[in-house]
Amino acid sequence: MRKRIRNKKGQEEMVGFVLIVVVVAIIMVVFLGIFIRSSKSQDYKLQSVDVHQFLTSLMEYTTDCSLTYEGDYADMSELIAECYANPGKKCLSGVTDCQALNSTLKGILDASWIVGENSAYTGYVFNSTYQENLTSFIVKKQAISVLKGNCTGKSFRGDEVFFSNPPGKIVSSFRVCF
């Protein structure tokens, strides 16, 4: 009889050991899944950081539009604000502020983000919007919008930057689709 009790104890210990191994394996699979998902989200963050840095640099780009005197060239953020506030104001070169903004912006976007069938990117969308916070609601007015290619139903990476334009702010967003 004692031998049978020992065999049953041994069997119970083996079943307990197998259960522990199965539970540990399940926990490891869950942690592996979480790790894989977090590495994908980090890839998204890295690419969004690239877009953020692009936007930040774009806003600091010096255009060839001088609005006040020769040599005082406006950067992109100033030109976006000026185009919103005073559309039709002339640069010293004779073109309007909005024409200078559009041509410079399209040139930079086309040179920086190659879009097409043989490219990794299917399109992009750039928007600048003036936002003013009035007590209980936000007033939004489109300042400029540039789009190229097809972003409908596509995955994208994007970000936005803003700069003050009292009494509100101008929010510029860029999204590249793939």
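The values are calculated or read from the model by the stated rules, or taken from the named source; none is laboratory data. Computed from a predicted model, the values in this text were never measured in an experiment. Cβ atoms come from the backbone with ideal geometry, glycine included; neighbour counts cover every protein chain shown.
Looking across Q42, Q11, Q47, one residue alone is at pLDDT below 90 and in contact with a Lys or Arg (Cβ under 7 Å, 6 or more places away or on another chain). It is Q47. Checking every residue in region 163-172 against the condition of being surrounded by fewer than 19 Cβ atoms within 10 Å (Cβ to Cβ), of a type outside the set (D, E, K, R) and in contact (Cβ under 8 Å) with a residue 60 or more places away in the chain gives at least one match. What pairs come up if the first residue lies in region 138-160 and is without any contact (Cβ under 8 Å) to a residue 60 or more places away in the chain, the second is basic (K, R), and their beta carbons are under 9 Å apart, counting only those six or more places apart or on different chains? Hits for this filter: V146/K106; K148/K106; C151/R175; F156/R175.
Somewhere in region 55-68, is a residue in a loop (DSSP other than H, G, I, E, B), modelled with pLDDT under 95 and over 14 Å from the mean Cα position of the chain (by Cα)?
First pass over region 55-68, keeping only residues in a loop (DSSP other than H, G, I, E, B): 61, 67-68.
From what is left, the residues that are modelled with pLDDT under 95 are 67-68.
Keeping just the survivors that are over 14 Å from the mean Cα position of the chain (by Cα) gives 67-68.
Looking through region 55-68, at least one residue is in a loop (DSSP other than H, G, I, E, B), modelled with pLDDT under 95 and over 14 Å from the mean Cα position of the chain (by Cα).
Within region 61-83, the presence of at least one residue that is of a type outside the set (K, R), under 23 Å from R157 (Cβ atoms) and out of contact with any Leu (no Cβ under 7 Å at 6 or more places or on another chain) is confirmed.
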